[in-house]
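See below for the structure under consideration.
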Amino acid sequence: MRCARACSTRGGAPKRKAASISLPKWNLPAPVGRINFVGHFEINDSTLRRAMTIYERDLLDVGQLRRSLARINDIGVFEPLTLADISVVHRDDDVTVDLTIPLSERKRRWWSVSGPVLPGIGSLRASLASRLPPWGRGIFEATTYFISLNVAGFAKPFLALERSVIPGQELLSGFAVSPALSPRAMLMHYLRTHLAHGISAMLDVEMHDPLVVPVTSAGRLQDELLVCVPPKPRLWWLRRGASAAVNVALAALIL
């Protein structure tokens, strides 16, 4: 890990942009008190908590928090979350921290058009989709389902009820049901979807954010910050390229 000094804003304009994770206020390691979600109106709190890999009473782990946000993003209902969106508040004991995760729901209806990457492989596809209204819990939570009208090439359009892969409910998600599809086609769609999800998880490269550490001398906080930049994982570019290639290849086979 490379570390370099940078002026803090207390001494005027900073010489270097501060990183997104700042240790002075987080006071790591700190136990997590409450994890609060705000801004979700159509999805149950329990579905979000199943996606988390950091829990209340755990020590605050930035890596697990980042992974939790990625899993919430995978649900596909909210605008993408980053660590910078999280609010961290110390309790009166100045040790325990409460986390607030703000959510912004996406539009319930969308459309998409896709075509073959290489000529002769696959066909032009178009779809219109809409999430179901909020109702139910767990596997029966309607908001995690959507109805789509699909057209592939010059084939007859067909309707499908679909559910994307939901973190914490993987085996009961990632499927499509349609009277226009045979049981074999629906099973193959389920297997390809989970294969793509599993390969993406294995090839995913976790890029650690730089850390900003306060510099003290004789017990007094100085006007400088120590910026520590962790090294990138080995062959990170190759893993990212392989992940993108696999996703494109499997997307051509998935409904």
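A short reminder: the numbers here are calculations on the coordinates, not readings from a lab. Quick caveat: nothing in here was measured; it's all calculated off a predicted structure. Using ideal geometry, Cβ is built from the backbone for each residue, glycine included, and neighbour counts are taken over all protein chains shown.
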> Of the listed peptides 37-43, 68-74, what is their order by residue-averaged count of other C-beta atoms within 10 Å, with the highest listed first?
Replying inline: 68-74, 37-43
> From Cα coordinates alone, what are the radius of gyration and Dmax values for the range 24-106 in angstrom?
Replying inline: 12.5, 37
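Once you have the Kirkwood Rh of the range 50-150 from its Cα pairs, apply Stokes-Einstein at 37 °C and 0.692 mPa s and quote D in µm²/s.
Roughly 196 µm²/s, to the nearest whole number.
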